[in-house]
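One structure below.
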Amino acid sequence: MARAKMSEAEVKTAMADLPDWNLEGDQSAISRRFTFTNFNQAFGFMARVAMEAEKMDHHPDWSNVYKTVDVRLNTHDAGGLTELDFKLARKMDKLAGG
């Protein structure tokens, strides 16, 4: 399923709702580091996000080291950011308790 790449203005508007996320300079992706109390909390967060991402058929690029989870979102088949990226970012914020 093709997804529509967002315009610069749409990205700017969407970023206003995600103060803890960073926009890459070329506006091709957004990223965030989540920090938890311990590995168990970080891994539990990843498991909850994985379930939601699978439902959305939209999967993050991420890594985990002990209590941190680094996330980068973009929509590969659109060549940039789509509403799916922002929807998943908001879901991740909620699941992290933010």
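The values are calculated or read from the model by the stated rules, or taken from the named source; none is laboratory data. Treat the numbers as computed from the prediction; the structure is a model and nothing was measured. Every residue, glycine among them, receives a Cβ derived from its backbone with ideal geometry; neighbour counts consider all protein chains shown. Quick note on the areas: whole protein, heavy atoms, side chains included, nothing else; ligands and nucleic acids left out. Shrake-Rupley method; radii C 1.70, N 1.55, O 1.52, S 1.80 Å.
Within region 50-80, which residues are of a type in the set (Gly, Ala, Ser) and part of a loop (DSSP other than H, G, I, E, B)?
Gly79
Given the condition in a loop (DSSP other than H, G, I, E, B) and open to solvent by 50 Å² or more (accessible area, probe 1.4 Å), answer yes or no: does some residue in region 81-92 qualify? Walk me through how you get there before you give the answer.
So in region 81-92, the residues in a loop (DSSP other than H, G, I, E, B) come out as 81-82.
Now drop any that are not open to solvent by 50 Å² or more (accessible area, probe 1.4 Å), which leaves none.
So far as region 81-92 goes, no, none of its residues is in a loop (DSSP other than H, G, I, E, B) and open to solvent by 50 Å² or more (accessible area, probe 1.4 Å).
Being in contact with a strand residue (DSSP E or B) (Cβ under 9 Å, 6 or more places away or on another chain) and hydroxyl-bearing (Ser, Thr, Tyr) is the filter here; which residues of region 29-76 pass it?
The answer is Ser31, Thr35, Ser63, Thr68.
When you scan region 80-98, how many residues do you find that are among the hydrophobic types (A, V, I, L, M, F, W, C) and free of Cβ contacts under 8 Å to residues at least 60 places away in the same chain? Break it down into steps so the answer makes sense when it comes.
Of the residues in region 80-98, the ones among the hydrophobic types (A, V, I, L, M, F, W, C) are 81, 84, 86, 88-89, 92, 95-96.
Pick out the ones that are also free of Cβ contacts under 8 Å to residues at least 60 places away in the same chain and you get 88, 95.
So the answer is 2.
Where the second residue is open to solvent by 50 Å² or more (accessible area, probe 1.4 Å) and among the β-branched types (Val, Ile, Thr) and the first is under 17 Å from Val49 (Cα atoms) and lies in region 65-79, which pairs have Cβ atoms under 7 Å and are six or more apart or on separate chains?
Listed by first residue and then by second, the contacts come to Lys67/Thr35; Lys67/Thr37; Thr68/Thr35.
Of the residues that sit in region 53-68 and are of a type in the set (D, E, K, R) and more than 22 Å from Asn38 (Cα to Cα), which one is least open to solvent (accessible area, probe 1.4 Å)?
Only one residue fits best here, namely Asp57.
Could you please give the count of residues in region 1-49 that are of a type in the set (A, V, I, L, M, F, W, C) and not in a helix (DSSP H, G or I)?
Looking only at region 1-49, we keep the residues that are of a type in the set (A, V, I, L, M, F, W, C), and these are 1-2, 4, 6, 9, 11, 14-16, 18, 21, 23, 29-30, 34, 36, 39, 42-43, 45-47, 49.
Next cut, not in a helix (DSSP H, G or I) only: 1-2, 4, 6, 16, 18, 21, 23, 29-30, 34, 36.
The number of residues fulfilling the criteria is 12.
Any residue in region 65-72 that is among the hydrophobic types (A, V, I, L, M, F, W, C) and within 9 Å of the chain's Cα centre (by Cα)?
Restricting attention to region 65-72, the residues satisfying the condition of being among the hydrophobic types (A, V, I, L, M, F, W, C) are 65, 69, 71.
The next check asks that each one be within 9 Å of the chain's Cα centre (by Cα); those that pass are 71.
Within region 65-72 (the criterion being among the hydrophobic types (A, V, I, L, M, F, W, C) and within 9 Å of the chain's Cα centre (by Cα)), the answer is yes, since at least one residue qualifies.
Of all residues in region 1-52, which are without any contact (Cβ under 8 Å) to a residue 24 or more places away in the chain, closer than 13 Å to Ala89 by Cα and open to solvent by 50 Å² or more (accessible area, probe 1.4 Å)?
Across region 1-52, the qualifying residues are Ala16, Pro19, Asn22, Leu23.
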